[in-house]
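Below: the structure, in structure tokens.
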Amino acid sequence: KTKSERERKKKKEEDRSEKEEMTVEEVGDDYTKDGTVDLQGNPVRRSIRGRWKACSFVVVYEVFERMAYYGISSNLVIYMTTRLHQGTVKSSNNVTNWVGTSWLTPILGAYVADAHLGRYITFVISCAIYFSGMMVLTLSVSIPGLKPPECSAANVEDCKKASVLQLAVFFGALYTLAIGTGGTKPNISTIGADQFDVFDPKEKIQKLSFFNWWMFSIFFGTLFANTVLVYVQDNVGWTLGYGLPTLGLAISISIFLMGTPFYRHKLPTGSPFTKMARVIVASFRKANAPMAHDSTSFHELPSLEYERKGAFPIQPTPSLRFLDRASLKTGTNHKWNLCTTTEVEETKQMLRMLPVLFITFVPSMMLAQINTLFVKQGTTLDRKVTGSFSIPPASLSAFVTLSMLISIVIYDQVFVKLTRKFTGNPRGITLLQRMGIGLIFHILIMIVASVTERHRLKIAADHGLIHQTGVKLPLTIFVLLPQFVLMGIADSFLEVAKLEFFYDQAPESMKSLGTSYSTTSLAVGNFMSSFLLSTVSEITKKRGRGWILNNLNESRLDHYYLFFAVLNLVNFVLFLVVVRFYVYRAEVTDSVDVKEEEMKEHE
């Protein structure tokens with residue numbers, strides 16, 4: 001009996017030992033392979049951190065944060081016109097200049113994240129700056145001494161202007177907010193995408209849908225801002241109208257911080273700007289050196305060195321061959337004379353994306369019209385929906401959001417599944433093809449906007465209201481609906497593809513910089529909109545009837561929109577040329593396949 005018990009006990013111990021060995025093996029497979037770590041720099045297990053569990057905090061954060069941001073930006077042109085008493089061109093330019101700055105500062109945020117602090121720390125610090133700007137902005141619209149007195153005059157030129165102090169506080173708060181968003185915008189979407197390991201087949205598929213649902217969350221928050229918050233600002237007051245977005249931002253930051261135990265992080269890999277500058281300088285320094293064709297003549301680190309950093313070497317490509325000289329061995333090993341092949345290929349990829357970035361500037365100019373001229377058009381029309389309820393002009397932007405939300409769901413659940421059967425592409429169609437469809441929609445949008453504006457001007461002429469200000473035309477505001485709905489459909493193609501393209505095509509060590517390309521596109525688009533608006537306004541006023549005046553009934557916005565349609569058409573032709581020569585970046589997993597093949601050869 002004793003012997004039998006000993007045997008049973010021994011068998012149990014052996015079974016337990018086997019189970020423990022399996023557990024250790026499973027845990028080994030459970031570690032991520034893309035170099036992600038926790039905040040202390042330790043490797044992370046995919047069953048504990050990352051995936052949609054972590055992304056849920058990021059996505060919910062984005063809903064509340066976008067509600068806060070668009071709660072300010074959507075109706076800003078109305079505040080500047082009615083409370084700061086600025087004219088059409090000046091208020092529109094102030095909005096686009098601020099929005100442009102908000103989208104430009106992410107370059108700085110991406111640099112700090114990639115080179116120094118990492119995405120998480122950069123993001124948290126930026127949130128504090130962002131929130132302080134929101135609080136001061138709310139105070140500036142609430143305290144009587146920080147804003148000019150209300151004015152009921154039909155012409156804003158007859159109203160008392162804001163003082164230097166009042167403008168300093170208001171715009172100081174706006175631009176503090178813009179600096180804060182510089183650290184949040186390029187890093188939050190990248191943090192979300194980092195939660196999926198491309199070396200895990202299941203997570204790789206999940207990552208393909210991430211940007212669609214990311215944009216869905218953005219515009220869900222925007223929908224609330226463009227409806228509820230805009231209505232509160234127009235009908236209740238600006239104090240509550242700005243106070244609610246500030247509260248929303250506080251909630252969003254709290255939600256993000258709650259998800260900290262579940263996030264995967266990527267370590268900063270050094271300044272991408274310095275790395276790219278070194279490659280370019282080294283290439284020019286060796287411009288006259290004889291070009292070699294043997295791979296051993298080019299400098300590259302051992303694979304183990306990359307593995308230690310959780311990275312992979314990039315294989316050489318035939319494009320932009322001049323830059324290959326940066327990795328050409330010529331006897332000197334100074335870092336500004338000799339770069340690795342991987343650093344050269346990373347630089348090439350960032351440079352290859354520039355033509356695509358330039359093509360996105362024009363459609364970004366179109367987006368700038370939504371919260372400026374499109375909204376100003378709405379102020380001239382009949383806004384009544386029922387007896388006592390009137391829709392705020394800025395609330396029409398909600399239809400951009402609604403049409404985009406619906407379009408994204410249809411695209412992700414129907415269009416992708418159908419096209420995937422014919423193309424074999426996991427995305428259905430390529431990212432550039434998706435962007436091209438969006439560009440076609442932008443041409444259509446401006447044609448529709450021009451025709452609609454011509455009809456509005458005809459109604460004003462027929463009723464003798466061309467020279468009247470403050471009098472609503474007998475035309476429903478919903479006549480503007482088609483251009484807003486089409487803009488949402490265009491965004492579901494172009495804006496989603498743009499964000500995913502610049503993230504996907506950027507090298508692994510430059511993802512934040514790649515994401516900032518997308519925000520740079522919006523920044524330049526807004527600045528170009530300001531420049532064109534001022535230039536066209538001045539030129540057309542000197543030549544007769546101005547296209548953009550304080551009184552839109554005396555303006556010719558239909559000509560301005562038609563000019564935009566032609567500009568979009570020319571831009572689309574250039575896009576076709578760019579697409580013809582663009583070469584997609586190889587998947588990072590291709591480097592792993594190459595390495596495995598080399599190991600087999602050695603065996």
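Yes or no, residue by residue, for (1) out of contact with any Lys or Arg (no Cβ under 7 Å at 6 or more places or on another chain); (2) surrounded by fewer than 16 Cβ atoms within 10 Å (Cβ to Cβ); (3) not assigned by the TED database to the domain that holds residue 191:
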site: 256; (1), (2), (3): yes, no, no
site: 293; (1), (2), (3): yes, yes, yes
site: 299; (1), (2), (3): no, no, yes
site: 302; (1), (2), (3): yes, yes, yes
site: 322; (1), (2), (3): yes, yes, yes
site: 328; (1), (2), (3): no, no, yes
site: 331; (1), (2), (3): yes, yes, yes
site: 334; (1), (2), (3): yes, yes, yes
site: 355; (1), (2), (3): yes, yes, yes
Open item on the list: Can you pull out every residue in region 415-455 that is under 18 Å from residue 207 (Cα atoms), open to solvent by 50 Å² or more (accessible area, probe 1.4 Å) and assigned to a helix (DSSP H, G or I)?
Closed with: 415, 417, 420
Open item on the list: Name the residue that is farthest from residue 180 (Cα to Cα), counting only residues in region 113-154 that are within 32 Å of the chain's Cα centre (by Cα) and of a type in the set (Ser, Thr, Tyr).
Closed with: 142
Task: Test: residue 470 is more than 23 Å from residue 95 (Cα to Cα) and not in a helix (DSSP H, G or I) - done: no
- [ ] Inspect all residues belonging to region 268-277 and state whether any of them is outside any helix (DSSP H, G or I), open to solvent by 10 Å² or more (accessible area, probe 1.4 Å) and modelled with pLDDT of 85 or more.
- [x] no
TODO: Can you tell me which residue among 459, 406 is touching a strand residue (DSSP E or B) at 6+ places or on another chain (Cβ under 8 Å) and either not assigned by the TED database to the domain that holds residue 224 or not in a loop (DSSP other than H, G, I, E, B) (or both)?
DONE: 459
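Residue-by-condition table, conditions (1) surrounded by 19 or more Cβ atoms within 10 Å (Cβ to Cβ); (2) under 18 Å from the mean Cα position of the chain (by Cα); (3) part of a helix (DSSP H, G or I):
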site	(1), (2), (3)
515	yes, yes, yes
520	yes, yes, yes
525	yes, yes, yes
533	yes, no, yes
549	no, no, no
558	yes, no, yes
561	yes, no, yes
Open item on the list: Can you find a residue that is assigned by the TED database to the domain that holds residue 177 and not in a helix (DSSP H, G or I) anywhere in region 222-238?
Closed with: yes
TODO: Any chance you could count how many residues in region 113-137 are of a type in the set (A, V, I, L, M, F, W, C) and either touching a Leu at 6+ places or on another chain (Cβ under 6 Å) or crowded, with 21+ Cβ neighbours inside 10 Å (or both)?
DONE: 6
Open item on the list: Residues that are more than 30 Å from residue 550 (Cα to Cα): list the helices (runs of 4 or more DSSP H) wholly contained in region 293-375 that include at least 2 such residues.
Closed with: 303-308, 341-352, 354-359
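Quick one: would you say residue 261 is farther than 27 Å from residue 374 by Cα and open to solvent by 30 Å² or more (accessible area, probe 1.4 Å)?
Answer is yes for this residue.
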Open item on the list: Take the conditions open to solvent by 10 Å² or more (accessible area, probe 1.4 Å), at negative phi and assigned by the TED database to the domain that holds residue 250 and apply them to residue 141. Does it pass?
Closed with: no
TODO: Being open to solvent by less than 60 Å² (accessible area, probe 1.4 Å) and among the polar types (S, T, N, Q) is the filter here, so list the residues in region 239-253 that pass it.
DONE: 246, 252
Task: Complete set of residues in region 471-513 that are open to solvent by 10 Å² or more (accessible area, probe 1.4 Å) and among the aliphatic types (A, V, I, L, M) - done: 471, 475, 479, 481, 485, 486, 489, 499
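The values are calculated or read from the model by the stated rules, or taken from the named source; none is laboratory data. On a predicted model such as this, the values are computed, not experimentally measured, just so you know. Glycine gets a Cβ as well: all are built from the backbone with ideal geometry, and neighbour counts include every protein chain shown. All accessible areas refer to the heavy atoms of the entire protein, side chains included, with ligands and DNA or RNA removed. Shrake-Rupley method; radii C 1.70, N 1.55, O 1.52, S 1.80 Å.
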